[in-house]
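Okay, structure first, notes after.
The values are calculated or read from the model by the stated rules, or taken from the named source; none is laboratory data. Source: prediction; values computed, not measured. Backbone-built Cβ (ideal geometry, glycine too); neighbour counts: all protein chains shown.
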């Protein structure tokens, strides 16, 4: 059996996780990895049994080494010729890295040619976690600001580790530094669209209205990614709703958004070695429109948009677990609940978000999950109170008061609807 040192074992584990796209924390994950290994072209259909994978990822304690066949298969899945080539790549990276890396070396390390894109994304995610302040509204640390000014840091840290929960704190500061250093039309659209979100959720109307004018004045080249485009569409929807909350959205706005959605370029299918990070979700533009309609309570329009989305992206029906896809199902469940379509409402359309699978985005999008649950629990005082308390805590801690007010509206709307229903019955 080949010698597998603890550092090399950890490195191969991380490389496989990066390729797989999510941590392997449960036996069921190893079952899914077994299938992925067999289906990957790089492995030539080689099979590793789940018990071996569980042992390799530390889910069961069992002594013993690993056959070369096992290590070769995992290394090939991670994008290397075989286990020996993987070991040489790790050794080469260690030899060229600074002996005692410090903050000044990290942006350059992220840009090293020896790092494959999945490794850069994984490192960017790690940097996002270690530079994240304990206090959500705390200031950005110097390293995060240096990364925002560095080309590799911009791509693999700012644009890939999207720390929305800290948008009115450190991540907002990082975005403003990023905008100072990356002037492309797509980057400006991404940065200003995301900052708009923080200002709108903070309910700072002068700030978000000023940002909206700047955002709408930016050019949108044809090749612009779906996510920045979707952020701008989100801004247009919530601004129109805020101006006339009791009125439906202007039909010309909805028609234009549909035309724009059809023109948005589809994300390029990821290379085998690239994990499914957020900006590879195929229906990103459609998600942000749906999010805006959900948060502003425009349920008939939301249901029509979700039908349009499903017709445009039939692959979403079979997409692997993804926080955006799961939320789209939750949005549909709520839209059905509010449009007298209970006959076709499937309670299983939305399950609680998987905290383990979506930890990198969860602390922001978990609030959406709580809002979805609140629509169904609004008539149950104990459940509604618990959900409302969670949402309020998040809103206060992250300076996103919109969520607190929206939760209050959901509960009051449900009580009013029940009251009117009882009056009719009487």
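Of all the residues in segment 13-56, those that are in contact (Cβ under 8 Å) with a residue 40 or more places away in the chain, touching a helix residue (DSSP H, G or I) at 6+ places or on another chain (Cβ under 6 Å) and over 22 Å from residue 281 (Cα atoms) number 1. Pairs linking a residue in segment 402-418 that is under 16 Å from residue 245 (Cα atoms) to a residue that is modelled with pLDDT of 60 or more and not in a helix (DSSP H, G or I), with Cβ atoms under 6 Å and 6 or more positions apart or on different chains, are 402/203; 410/378. Each residue in segment 155-173 was checked for being at pLDDT 90 or above and within 16 Å of residue 109 (Cα to Cα), and 1 of them qualify. The residue that is surrounded by the most Cβ atoms within 10 Å (Cβ to Cβ), counting only those in segment 163-184 that are out of contact with any helix residue (DSSP H, G or I) (no Cβ under 6 Å at 6 or more places or on another chain) and assigned to a loop (DSSP other than H, G, I, E, B), is 169.
Exactly one residue among 385, 354, 422, 346 is surrounded by fewer than 21 Cβ atoms within 10 Å (Cβ to Cβ), over 26 Å from residue 241 (Cα atoms) and at pLDDT 90 or above, and that residue is 385.
Yes/no matrix, rows are residues, columns are (1) modelled with pLDDT under 80; (2) assigned to a helix (DSSP H, G or I); (3) crowded, with 20+ Cβ neighbours inside 10 Å:
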| site | (1), (2), (3) |
| --- | --- |
| 108 | yes, yes, no |
| 113 | yes, no, no |
| 120 | yes, yes, yes |
| 124 | no, yes, yes |
| 144 | no, yes, yes |
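Among all positions in segment 320-341, there is no residue which is part of a helix (DSSP H, G or I), in contact with a helix residue (DSSP H, G or I) (Cβ under 8 Å, 6 or more places away or on another chain) and at pLDDT below 70.
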